[in-house]
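Below is one structure, written out as structure tokens, with a few remarks after it.
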Amino acid sequence: MYFKLGFFFIALLFTYNSMAAIYKYKDKNGKTIFSDAKPASDTDVEKIKYKAPKNTALKPIISTRIVDSQYIIEVVNPFYIPVEIKFISPSFRSGFYKKVIPAKSTVSAYKKSKVIPKFSYAWRFGDPMKRPDGFKYQFPVTSRKKHLISQSFNGRFSHNKQPNVHAVDIALELGTTISSARGGTVFFTRDNFHLKGQSKYFLDKANVIKILHDDGSYAVYAHILQGSSLVSPGDKVERGDRIARSGSAGFSTGPHLHFVLRRNSGMKTISFPFSFVNNNGRSFTPKERMKVEGIHNFIGSK
């Protein structure tokens, strides 16, 4: 896996959030190559390391305060989706305490008349009390071509562990239009990464759009093209709305859309099986090696 990058991109290497390495060398034609994998030959190689500023990704804000002799744990949820918080401390019954925080809200999650001991916490997107409603999802590609499903449920390459067991990879030409499979509220977007690779460094680097649905589940559209997102957190989208274009950033071997539906199952993010509908409104279960025509004339309900 390698990348033919100009010197313009080298400056961008310093914008990412962890230590990583890119190998710089010349191929047999004398062209400069930048790769996340060291070449097997005896070619002279320069290893470029880079470290970016501290990660400032959006997350819930947890604080403690005292009001009228009450000790309070306060949570600010900055997302357009509920989040579940799990507080962990020996002082809690059963050793933990869980609370669902509504979207875009500030909540006094826990109150006590005594000083609250030190605690740790974890959080997940979604309300664990919600359940998928069996919705038939529109094929998330707008085009008049047929597209190969290169990996489907329980795929051997990267769909064999949660939360991607029920994910689908759709091979696409670079820049193909991605459309929403179901209406909902956009709650997360990222489209500022341009490199791809198969090392562990790239596992969390995909450009993504995440959309919350009425049944509490949410869709993840991953590996979108850098700078192509047409939506922002808080936007409402309808089924079939154009949201981005296909790319290959992150843990990827080539341009494709990684599409998966997820929900919170008691502080565990899991994927679940689903069906698509085609241009005639007929539903089908996505299978590996299946070729599916992009949506271009079917208009379904939200």
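The values are calculated or read from the model by the stated rules, or taken from the named source; none is laboratory data. Given the structure is predicted, the values throughout are model-derived calculations rather than measurements. Cβ coordinates were reconstructed from backbone atoms using ideal geometry, including for glycine residues, and neighbour counts include every protein chain displayed.
Residues that are in a loop (DSSP other than H, G, I, E, B) and either modelled with pLDDT of 95 or more or within 21 Å of the chain's Cα centre (by Cα) (or both) within region 264-284 comprise Ser265, Gly266, Met267, Lys268, Phe272, Pro273, Phe274, listed in sequence order.
Consider region 123-143 and keep the residues that are under 18 Å from the mean Cα position of the chain (by Cα) and farther than 21 Å from Leu257 by Cβ. The one that is surrounded by the fewest Cβ atoms within 10 Å (Cβ to Cβ) is Asp127.
Any idea which residue in region 86-101 is surrounded by the most Cβ atoms within 10 Å (Cβ to Cβ), counting only those that are without any contact (Cβ under 8 Å) to a residue 40 or more places away in the chain and closer than 13 Å to Trp123 by Cα?
That would be Phe87.
Checking Ser63, Ser94 one by one, the residue that is part of a helix (DSSP H, G or I), more than 21 Å from Asp191 (Cα to Cα) and modelled with pLDDT of 70 or more is Ser94 and no other. The sole residue among Ile170, Ile116, Ile178, Ile149 that is within 22 Å of Pro60 (Cβ to Cβ) and surrounded by 15 or more Cβ atoms within 10 Å (Cβ to Cβ) is Ile116. Answer yes if at least one residue in region 167-176 is in a strand (DSSP E or B), of a type in the set (Ser, Thr, Tyr) and more than 16 Å from the chain's Cα centre (by Cα), and no otherwise. No, there is no match, as no residue in region 167-176 is in a strand (DSSP E or B), of a type in the set (Ser, Thr, Tyr) and more than 16 Å from the chain's Cα centre (by Cα).
Please tell me if Arg144 is part of a loop (DSSP other than H, G, I, E, B), in the same structural domain as Asp241 (by TED's automatic domain parsing) and farther than 25 Å from Lys268 by Cβ. Yes: the conditions hold for Arg144.
If the condition is being of a type in the set (S, T, N, Q) and more than 14 Å from Thr64 (Cβ to Cβ), then region 89-105 contributes Ser94, Ser105. So, Arg289, is that one part of a loop (DSSP other than H, G, I, E, B) and either closer than 19 Å to Gly183 by Cβ or at pLDDT below 95 (or both) or not? Spelling it out, Arg289 is indeed part of a loop (DSSP other than H, G, I, E, B) and either closer than 19 Å to Gly183 by Cβ or at pLDDT below 95 (or both).
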